[in-house]
Structure formats: structure tokens, C-alpha cells
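Each remark here refers to the structure printed beneath this line.
The values are calculated or read from the model by the stated rules, or taken from the named source; none is laboratory data. As the structure is a prediction and not an experimental result, all values here were calculated from the model. Here the Cβ positions follow ideal geometry from the backbone for every residue, glycine too, while neighbour counts run over all protein chains shown. Protein only, heavy atoms only, side chains kept; ligands, DNA and RNA dropped before computing areas. Shrake-Rupley method; radii C 1.70, N 1.55, O 1.52, S 1.80 Å.
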Amino acid sequence: MLAETPNLEVDLGFIKLKNPVIAASGTFGYGDEIVDFINPSLLGGFVTKSLSIKPKPGNPHPRTCETPCGMLNAIGLENIGIKRFINEKLPKISSIDTNIIVSIFGENITEFSEAANMLKGIKEISAIEVNISCPNVKKGGMLFGIDPVISAEITESVLKNSDKPVIVKLTPNVTDITIIAKSVEKAGAYAISLINTLTGMAIDINTKRPKLGNITGGLSGPAIKPVAVYMTYKVVNSVNIPVIAGGGIMNYKDALEFLIVGAKAVQVGTANLINPKACLDIIEGLKNYCIENRIKEISQIIGSLKI
Ligand SMILES: Cc1cc2nc3c(=O)[nH]c(=O)nc-3n(C[C@H](O)[C@H](O)[C@H](O)COP(=O)(O)O)c2cc1C
């Protein structure tokens, strides 16, 4: 007898996802190049590379290096700028039948507001993700995201200047992530996403120099998963808005950990760089897990943690 196909849909309240798997910012480009490898319409959504009002060249090379169970990156938010994204990339991705989430950042609050404003009225965009969590820039990024007051001010300014649901992406490089989570929730964020990368450093013992041109970078991949699961657990128990979580998800079992802890959806980053099909494999794995365990709706798994 054929098992019933499980319903993988999740409802974030402000958008519906056909499944809980979202490709994370910076690991999926602008969504236009991936079509050579996979059908992105099968995803729950994808987040674009973080965009600023003007193009940015990013940090000096080398910008990435491998670490045990992960990688360091210090791209420095290189991007083509919102204008070029709208003119050149959006026409190519607008036919993709999934949630397009545009990540924005700025070096001050005005730039965040302006970025949000530039995306107004574009119906193809499902939501905005506010990046206040990049560890690899000298101005803005995580320097904002470690401060609950500035985090709230940025959230408010983006909301004021946007006609889209606003997701705020948090940094793990804080003592207590729930303080920032509660602050952006109070400021009106529709959802929280977490975690961005953990600040790290690696040294070449022959040259005695840092392996990254930027000296420090952000750690991602399997090494950070236990930290990410812990932070998800803390945040879902401290706010009432949906939490989209990730950090080190390589396969469907990793994704399940986050859903069980209470994340409504997951973001997959580094895995895309190793296997462009990673998100699709995870969706397939979640479907089979539901079939094997006679789970009709993936939403039954969300928050099913037993202590
Ligand atoms: C090469 C690279 C570039 C990234 N660029 C961005 C970015 O532009 N904006 C952002 O919010 N996060 C960025 N991230 C962080 C990821 O979206 C994700 O939050 C983080 O890597 C943790 O997930 P993972 O372990 O699955 O990669 C980047 C990560 C990597 C590896």
C-alpha cells in the first residue's frame, strides 16, 4: 500500500511556505544562477545575498578557508547593490514559484530605511530579511546586532519604510541572544532568523599570517550546529513571533533538530556550497521521515521537543 504523501507546508502567519526549507543568504547568490543546477521553485524559499543601497566590493582576499567541520568566510557583504538587483536579477527570478526573501543591510539606520524603501511595491518579494548580524564588516553588521537598542531602531525604521513582512536576522556573537530577540520582537519584527556566523580566526603556521585577508571571519557549517540549536531553543522560548533557524544544517536529520526545538522553518547555508542540491535532498529526507513515522503534517513536528 502506498503511504500518504505528507503535507510539508508551514504557515509563518505572514507567508506560507510549501515546505520549511529556505536557502540562506550569501550561499544562493541572487537566485538566478542556481537554475542551472536545481529547480528553485521546489524550495520553501530563498534569501538573496545581502544587498545595500550602493554596490560594495567586499573584503580583501583570501575570503574563505576550510576549518575542521566547517569554514570561515569574510566576504564582507560584496554585492551588486539594490538598483542592479532590481534591474538585472529580479526579471530573471520573478518566475520562480517560491518565496523570494531579500536580505538588506546598511552602514547606518538611514541606509537601512533607504534600502527598504527601494524595494517597496515589488510584488515578487515575499519578505525582507534585515541583516544586523554580519561579523565581517567594519561598519554596521553585527556591530548593530549586538546592541538591543540599535537592533530595535533598525527594525522600526525598516518597518516604517517597507510594505513587506520584516524578518530580522540575529548574530550568535552575544552573551544572551534572547535580549536581542525580545527587543526586535517589541519593535515589530514579523519573525526572527538565526544564526549568522560565529566570529573566528585561523592562522597559517608557515607564514604566521591569518588565513583570511580580513584577519577574522565567520564560522559556519556542522561545527556550529549545536550552538545554533541551543540558541534556537532559547529564542523560541522567549518570543511569540516565528523563528526561522539554521546553522550547520547539512541533511534532513539536522533540519529536524531545529524543527523539533520549535523553529517554524530552517535556513540552509554552507551545505549549498558543497552540494547545490542540498536543500532538495533535505526536503526529500523530511518527506520520507514523515512517511516512515506516519506523520501527516510536518507542522506536527514543530516544537515537539520533550524535556
Ligand atoms: C560564504 C558565505 C556568505 C554569507 N553571506 C551572508 C550574507 O550576505 N548575509 C547574511 O545574512 N548571511 C550570510 N551568510 C551566513 C549564512 O546565511 C548563514 O546564516 C550561516 O552561514 C550559518 O548557516 P550554515 O552553517 O548553514 O552556513 C554567509 C555565509 C557564508 C558561508
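From the P(r) of the range 3-67, could you give the percentage of C-alpha pairs in the tail past 21 Å?
45
Report the normalised scattering of the chain as log10 I(q)/I(0) at q = 0.09, 0.10 Å⁻¹, calculated by the Debye formula with identical scatterers on the alpha carbons. Summing over Cα pairs of the chain leads to -0.40, -0.50.
At the residue level, Leu51 shows approximately 0 square angstrom of accessible surface with a 1.4 angstrom probe and all protein chains present. Taking N as the residue count of the range 200-282, its C-alpha radius of gyration divided by 2.2 N^0.38 Å amounts to 1.31. Proximity of backbone amide H atoms, modeled 1.01 Å from N, is registered between Leu198 and Leu219 at under 5 Å, excluding neighbours fewer than 5 places apart on the same chain.
When the Kirkwood radius is taken over all Cα pairs of the range 240-292, what Stokes-Einstein diffusion coefficient follows at 20 °C and 1.002 mPa s, in µm²/s?
191
Sorting Glu78, Glu129 by accessible area puts them as Glu78, Glu129; the probe is 1.4 Å, largest comes first, and only protein heavy atoms count.
Using θ = phi - 60° in the Karplus curve 6.51 cos²θ - 1.76 cosθ + 1.60, the 3J(HN,Hα) couplings for the range 173-183 round to 7, 9, 6, 9, 5, 5, 5, 5, 4, 5, 5 Hz; x is entered for Gly and Pro. The fraction of Cα-Cα pairs per 10 angstrom bin, counted from 0 for the range 35-106, comes to 17, 37, 37, 9 percent, rounded to whole percents. Under 5 Å from the amide H of Gly81 lie the amide H atoms of Ser52, Lys56, each residue being 5 or more positions distant or on a separate chain, with H modelled from the backbone and absent for Pro and chain starts. Computed over the range 93-195, the convex hull of the alpha-carbon atoms projects to a mean area of 6.2 nm². When peptides 165-178, 257-270, 195-208 are ranked by their average number of other Cβ atoms within 10 Å per residue, the highest-first order is 257-270, 165-178, 195-208. For the chain, which whole-number percentage of the solvent-accessible area (1.4 Å probe, protein heavy atoms only) is attributable to carbon and sulfur atoms? The value for the chain is 53 percent carbon and sulfur by accessible area. Under a model in which nothing but the beta-carbon of Lys, Arg (+1) and Asp, Glu (-1) is charged, the chain shows a dipole of about 400 debye around its Cα centre.
In a Gaussian network model over the chain where Cα atoms closer than 10 Å are linked, find which of Met142, Met250, Met71 has the largest mean-square fluctuation. Top of the fluctuation ranking is Met71. Entry comment: accessible area of the range 179-307 is 47 Å² per residue, from protein heavy atoms only and a probe of 1.4 Å. GNM on the chain, alpha-carbon springs under 10 angstrom: the most fluctuating residue among Ser220, Ser183, Ser41 is Ser41. Direction-averaged projected area, Cα convex hull, the range 137-286: 10.2 nm², rounded to one decimal.
Take the Kirkwood radius over Cα pairs of the range 73-153, plug it into Stokes-Einstein at 25 °C and 0.890 mPa s, and you get 179 µm²/s for translational diffusion. Convex hull volume of the C-alpha atoms in the range 167-222, normalised per residue: 101 Å³.
In the assembled protein chains, Tyr252 presents an accessible area of approximately 70 Å² (probe radius 1.4 Å).
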